[in-house]
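Bear in mind that the values in this text are calculations on the coordinates, not laboratory data. Model, not experiment: these values are computed from the prediction. Every residue, glycine among them, receives a Cβ derived from its backbone with ideal geometry; neighbour counts consider all protein chains shown.
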Amino acid sequence: MEKILVSACLMGHPVRYDGQSKPLAHPAIARWIEEGRLVTICPEMSAGMPVPRPPAEIDGGAAGEDVLAGNARVVEITGGNVTDEFRQAAENALAIATQTGCRYALLIDGSPSCGSGFVYDGTFSGHRLAGNGVTTALLKQAGIGVYSDRDIEALIARLAADEATTGD
Ligand code: SF4
């Protein structure tokens, strides 16, 4: 049975920068919990970041891949440089995914860690850019299929296709 790495805030844990969660209401979530498929992590908290914390964005219109390559920083709205924490967060998420055998991840979009369809451009003005957060970039580099919360139907279809093939 395929395990799925999932953003803790999507599971209703109040771990976002503002102390809130962003639970995803979908019948598949309840089914996956019952099946024991889900491996929940907040990458940023796993790296020791507090709740609440200042909002952070990838600087300069860059993406998670640029942060991993050492070519971009992650900065807080207050000016703090949290690049190292975000890289550690990504490494922690990949370590958990590897230890638990997750080949797929369901992560909330827009986050500088967990985003996969878009991230914000570093100006803290609400402007979006297509791209991956830091955790998503590292997971993808490791071959893990990352789906955003908006793409849960595509993940369901992928799991069904895989399990039809393997008989799992
Ligand atoms: Fe949610 Fe990911 Fe941000 Fe943690 S790092 S609060 S799981 S989006």
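Working note: Karplus 6.51/-1.76/1.60 with θ = phi - 60° gives the stretch 94-101 the couplings 5, 4, 5, 4, 5, 4, 9, x Hz, where Gly and Pro are set to x. Report the net charge of residues surrounding residue 110, where surrounding means a beta-carbon distance below 14 angstrom and charges are Lys +1, Arg +1, Asp -1, Glu -1. Cβ neighbours under 14 Å give a net charge of -3.
Amide H contacts of residue 106: 5, 6, 7, 147, each under 5 Å away and 5 or more positions distant or on a separate chain (H built 1.01 Å from N in the peptide plane; Pro and chain starts excluded). Karplus-derived 3J(HN,Hα) values for the stretch 123-140, using 6.51 cos²θ - 1.76 cosθ + 1.60 with θ = phi - 60°, are 9, 6, 10, x, 6, 9, 10, 5, x, 9, x, 5, 4, 4, 4, 5, 4, 5 Hz; glycine and proline are entered as x. Applying the Karplus relation 6.51 cos²θ - 1.76 cosθ + 1.60 with θ = phi - 60° to the stretch 45-59 yields 3J(HN,Hα) values of 5, 5, 8, x, 7, x, 10, x, 9, x, x, 10, 9, 6, 6 Hz, where x marks Gly and Pro.
Ellipsoid fit via the Cα gyration tensor, the stretch 50-118: semi-axes of 21, 13, 12 Å, each the root of five times an eigenvalue, largest first.
Once the cut-off is 18 Å, how many percent of the Cα-Cα pairs in the chain end up in the long-distance tail? The answer is 56 percent, as a whole percent. For the chain, modelled as a GNM whose springs connect Cα atoms under 10 angstrom apart, the maximal fluctuation among 104, 17, 120 occurs at 17.
Summing +1 for each Lys or Arg and -1 for each Asp or Glu, what net charge is found among the other residues whose Cβ lies under 11 Å from the Cβ of residue 17? So the environment of residue 17 carries a net charge of -2.
Only Cα pairs within less than 10 Å get springs; with that Gaussian network setup on the chain, which residue of 55, 27, 14 has the largest fluctuation? Largest GNM mean-square fluctuation: 27.
For 113, 148, 7, the sequence from fewest to most other C-beta atoms within 10 Å is 148, 7, 113.
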